[in-house]
Amino acid sequence: MKKFLFLCLLILPGLAKAQASEAELLGHWHDPSITQAFFANPYHDVWGAVVNDVEYGIIASTDGFHFFDISATPISAEPVAYAASSLQGAGIGHRDIKTYGNYLYAVADEGASALHVFDMSGLPDVVTEVYLSNEHMQRAHNIFIDEDNARLYAFG
């Protein structure tokens, strides 16, 4: 029995190994006018959301939030919407974004920061900032939204 268990332990990792697959690049976007952060990186996070039955890719930068329609064929390499952050510039070295319903939540862990909330229900035409406050948190490196319990957790 011990030999059988030992043999299974040797064979299982080979059977459980995932098959490699390559991602397909669908587009490339760069805006040289975006403020460079002190890490020389103007882009911080990427996230996806479905709003009004349309899939959007969202890029967070030192200046704000860039929305791309990724349902379109072919995918446009230009944003369909942009929401400027009230807190911008080289002092914003890292943003983290998540979505819940039609809302985008954003935090940063450097500079004068706060919790941002944006209403995305007007996409593709408009994204509106609906909340900006440092009353409950000033900085965070990462956020997580427990969708089952409608709770936002901040880390770092």
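Nothing in this text is a laboratory measurement; each read-out follows from the coordinates by a stated rule. Owing to the predicted nature of the structure, the values given are computational and were not obtained by experimental measurement. A quick note on method: Cβ atoms are made from the backbone with ideal geometry, for glycine too, and the neighbour counts reach across all protein chains shown.
I want the local charge near residue 37. Using Cβ-Cβ distances under 11 Å, sum +1 for each Lys or Arg and -1 for each Asp or Glu among the other residues. Let's see the in-between values first.
On the way: positive: 95; negative: 63, 110.
Charge balance near residue 37 sits at -1.
If eta is 0.692 mPa s and T is 37 °C, what Stokes-Einstein diffusion coefficient results for segment 18-156, Kirkwood Rh from Cα pairs, in µm²/s? Walk me through the numbers on the way to the answer.
Values: Rh = 15.6 Å.
Once the numbers are plugged in, D ends up at 210 µm²/s.
Quick one: net charge of residue 46's neighbours, Cβ under 14 Å, K/R +1, D/E -1?
My count for the surroundings of residue 46 gives -1.
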